[in-house]
Amino acid sequence: MNNDLSATSAVEAALADVRSRIAEAATTAGRDPEEVTLVAVSKVQPAERIEAALQAGQRVFGENYVQEAKGRWPALRERFGGIELHLIGPLQTNKAGEAVALFDVIQTLDRDKLARALVKEREKQGSLPRLYVQVNTGEEPQKAGILPGDLDRFLALCRDELGLSIEGLMAIPPEGDDIAPHAALLAKFAKRHGVGKLSIGMSADYETAIRFGATHVRVGSAIFGARPPKAPAG
Ligand SMILES: *Cc1c(COP(=O)(O)O)cnc(C)c1O
């Protein structure tokens with residue numbers, strides 16, 4: 001019980017701290033804090049910490065694994081109203097149906113095959129989550145995301161040919177890189193293509209990301225504490 005209580009108050013305090021830093025970063029940048037949405041990244045976190053965040057009023061969450069999210073969120077949605085769930089991890093096409101049924105936003109649309117799988121799910125399920133295209137701003141070979149040079153073509157495919165509405169762009173800059181040029185590049189692409197939402201910035205650099213226009217910051221460990229080292233499959 002003591003453990004539960006201290007975990008709960010730790011999450012509550014951390015959440016309050018992150019929220020106030022977001023507001024301050026936005027204000028300093030001359031932006032309205034309301035423009036910035038905190039996506040609390042709950043992957044592989046214990047249930048009690050997630051419930052603590054919900055109790056403290058947090059409603060927007062990010063998950064990386066379809067299977068894990070599926071095991072956890074339907075029951076939480078029944079208990080807490082107004083939850084908005086974002087998929088921020090890579091999506092395999094064979095899980096597209098489950099992801100469409102579960103998530104409110106898919107931030108990781110990153111290839112033609114997935115775009116076409118989503119079109120099929122739109123036919124089957126009648127609607128789709130809101131979609132962000134993931135851009136590999138660091139052009140890392142092993143990383144998911146559309147390469148900057150391919151973005152025009154990919155957005156044209158999604159919008160003009162497949163009729164997908166793209167609401168945002170998302171990026172995961174290379175580890176250890178200064179986030180500023182990546183956020184600036186993403187903002188430039190968003191402006192050029194008339195895309196409103198920019199998902200960039202994590203625990204270590206969300207304040208900087210906000211200075212460069214982030215509308216969605218994805219913050220995990222700064223809210224929930226360190227994650228257990230090994231992620232589940234799925
Ligand atoms: C895990 C993860 C985060 C959160 O990372 P923290 O450093 O814990 O804030 C954000 N975005 C993505 C895509 C992630 O996989």
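Quick note: the coordinates plus some simple rules give every number you see, no bench work behind them. As the structure is a computational prediction, the values presented were derived from the model and not from experiment. Glycine gets a Cβ as well: all are built from the backbone with ideal geometry, and neighbour counts include every protein chain shown.
Name the residues in region 154-205 that are charged (D, E, K, R) and farther than 21 Å from Phe61 by Cα, would you? Even if it seems obvious, please write down each step before you answer.
Of the residues in region 154-205, the ones charged (D, E, K, R) are 159-161, 167, 175, 177-178, 188, 191-192, 197, 205.
Across region 154-205, the qualifying residues are Arg159, Asp160, Glu161, Glu175, Asp177, Asp178, Lys188, Lys191, Arg192.
Scanning region 91-108 for residues that are of a type outside the set (S, T, N, Q) and touching a strand residue (DSSP E or B) at 6+ places or on another chain (Cβ under 6 Å), which turns out farthest from the ligand (Cβ to nearest atom)?
First, the residues of region 91-108 that are of a type outside the set (S, T, N, Q): 91, 95-106.
Retained after the next criterion (residues that are touching a strand residue (DSSP E or B) at 6+ places or on another chain (Cβ under 6 Å)): 91, 99, 103-106.
Details: Leu91: 12, Ala99: 15, Phe103: 14, Asp104: 16, Val105: 13, Ile106: 12 Å.
Ranking the qualifying residues of region 91-108, first place goes to Asp104.
If I ask for residues that are closer than 17 Å to Lys197 by Cα, in contact with a helix residue (DSSP H, G or I) (Cβ under 6 Å, 6 or more places away or on another chain) and more than 13 Å from the ligand (Cβ to nearest atom), which ones from region 152-179 would you list?
Across region 152-179, the qualifying residues are Leu155, Cys158, Leu164, Ile166, Leu169.
If you go through region 26-56 one residue at a time, how many are within 16 Å of the ligand (Cβ to nearest atom), under 14 Å from Gly213 (Cα atoms) and either free of Cβ contacts under 8 Å to residues at least 40 places away in the same chain or among the hydroxyl-bearing types (Ser, Thr, Tyr) (or both)?
1
Taking the conditions exactly as written (within 21 Å of Val41 (Cβ to Cβ), out of contact with any strand residue (DSSP E or B) (no Cβ under 7 Å at 6 or more places or on another chain) and in contact (Cβ under 8 Å) with a residue 12 or more places away in the chain), does Gly138 satisfy them or not? Walk me through it before giving the result.
Working: within 21 Å of Val41 (Cβ to Cβ): yes; out of contact with any strand residue (DSSP E or B) (no Cβ under 7 Å at 6 or more places or on another chain): yes; in contact (Cβ under 8 Å) with a residue 12 or more places away in the chain: yes.
Taking the combined requirement at face value, the residue satisfies it.
Just to verify a result, which residue in region 184-215, among those that are within 15 Å of the ligand (Cβ to nearest atom), in contact (Cβ under 8 Å) with a residue 40 or more places away in the chain and not β-branched (Val, Ile, Thr), is farthest from Ile88 (Cα to Cα)?
Glu207
List every residue pair whose Cβ atoms sit under 8 Å apart, with the two residues 6 or more apart in sequence or on different chains, where the first one lies in region 216-227 and is more than 6 Å from the ligand (Cβ to nearest atom) and the second, anywhere, is assigned to a strand (DSSP E or B) and among the charged types (D, E, K, R).
Listed by first residue and then by second, the contacts come to His216/Lys197.
Can you tell me which condition Ile88 does not meet? The list is (1) within 16 Å of the ligand (Cβ to nearest atom); (2) of a type outside the set (D, E, K, R); (3) surrounded by fewer than 21 Cβ atoms within 10 Å (Cβ to Cβ), and all the others hold.
So Ile88 meets the others, but not (3).
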